[in-house]
Amino acid sequence: MNNQTKHISVCVCTYKRPDLLKRLLQDLDDQESQGLFTYSIVIVDNDRLQSAEPVVRQFSSTSKSNIKYCVEPQPNIARARNTSIENASGDFVAFIDDDEFPSRQWLLRLFNDCNKYGVAGVLGPVLSHFDEGAPRWIVQGKFYDRPQHQTGFVLDWTQTRTGNALLQSYLFAGDSRPFRAECVEGSDQEFFKRMIEQGHAFIWCNEAVVYEVVPPARWKRSFLVRRALFRGVFSVRNHDLPLQLIVKSLIAAPSYAALLPVALVLGQARFMNYVFKFSYHAGRLLAVLGFNPINRPYVSE
């Protein structure tokens, strides 16, 4: 790269989470850059009633960051991501979710590793954040933990997402809809899959940490079951499903069901882990049969 200061557009897609968005914007306003880059923020409100607009307006009145507010009235995360790309500018696009908040050196660490490794993009870890009052079993069960890797690890598409990512802007050149709206869930992974097939490389930076707020609504057992069923259904819908995975679920679903009474004796964390795994495999099998037990585009609360 040359010595010209680079610019990053930080893209945030939001839907009816004004309090969480406010927290995110406060932390985005204080990112370290060491003079290596400048950054601005693009907010895409996926609520046609524009519930995020008051928060963005208040933030803009005192922020030192340049912020652009846009509305995508049709609820669809892929459409919202595409709108954010349309309104982004500069050399890089960063993605962070509206229920997350970054460490102070988040952008700096992503930026430095993107240059160091000469790659098309860098992804980082999303760690769970529980406010006071979370049940012990929900924390012990690690239901919201995600895989981590060593810095520099080259990712395959199944290990990618846009919850914490910095991407070179050239990836979006010439494509008016880089994220496919027909992918109700997993449009980000589908994007990365296409990019990797085209020869672009993406690596991991384990120091570029963001935190995901896990609100009380997600501490409920019923939410975990719906979430697991949803993931199982869309593991079939969005990707070609190898026969061995169907066979795996045919074995796993009855096995976890049989172990539930034993797991209950071992405590709520272990029991709900088995319930979650059973529900995931059950959701996959139901989807193979053409049945969707969730019948909604997202499971958010």
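Values in this text are rule-based calculations from the coordinates and carry no lab data. Small disclaimer: the values here were computed from a predicted structure and weren't measured. Neighbour counts are summed over all protein chains in view; Cβ atoms, including those assigned to glycine, are modelled from backbone coordinates with ideal geometry.
The table below lists the values:
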quantity	calculated
Cα long-axis angle, helix 187-197 against the chain (0 to 90 degrees, to the nearest 10)	70 degrees
Under the Karplus curve 6.51 cos²θ - 1.76 cosθ + 1.60, θ = phi - 60°, whole-Hz ³J(HN,Hα) for the stretch 39-49, x wherever Gly or Pro sits	8, 10, 10, 10, 9, 10, 8, 8, 9, 4, 7
Charged-residue dipole, Cβ positions (Lys, Arg, Asp, Glu), the chain about Cα centre, Debye nearest 20	900 debye
Helix axis angle, 243-265 relative to the chain longest principal axis, alpha carbon, degrees	70 degrees
Whole-Hz ³J(HN,Hα) from phi, Karplus 6.51 cos²θ - 1.76 cosθ + 1.60, for the stretch 134-146, glycine and proline x	5, x, 4, 5, 6, 6, 5, x, 6, 5, 10, 6, 10
Within-9-Å neighbourhood charge of TYR69 [Cβ basis; K, R +1; D, E -1]	0
Burial ranking of peptide ranges 260-266, 42-48 (average Cβ count within 10 Å, highest at the top)	42-48, 260-266
Normalised contact order of the stretch 1-137, rounded percent, pairs of Cα under 8 Å and 6 or more residues apart	34 percent
Above-threshold pairs, the threshold being 29 Å between Cα atoms, out of LYS116/LYS193; LYS193/LYS277; LYS193/LYS248; LYS16/LYS64; LYS22/LYS220; LYS68/LYS220	LYS68/LYS220
Nearest 10 degrees, 0 to 90: helix 268-288 Cα axis against the chain principal axis	90 degrees
Most fluctuating residue given options LEU155, LEU250, LEU25, as computed from a GNM of the chain linking Cα atoms under 10 Å	LEU250
Of the chymotrypsin sites (Phe, Trp or Tyr not before Pro) in the stretch 38-86, those whose Cβ has at most 13 other Cβ within 10 Å and which sit in DSSP loop	none
Fraction of beta bridges assigned by DSSP in the chain that are antiparallel (%, nearest 5)	30 percent
Interchain or long-range residues, amide H under 5 Å from THR151's placed H	ASN206
Phi-based couplings in Hz for the stretch 12-29 (Karplus 6.51, -1.76, 1.60; Gly and Pro marked x)	10, 9, 9, 8, 6, 9, x, 5, 5, 4, 4, 5, 4, 4, 4, 7, 5, 6
Total charge dipole magnitude, the stretch 1-151, about the Cα centre, Cβ charges on Lys, Arg, Asp, Glu only, Debye to nearest 20	160 debye
Share antiparallel - DSSP beta bridges, the stretch 80-223, percent rounded to 5	65 percent
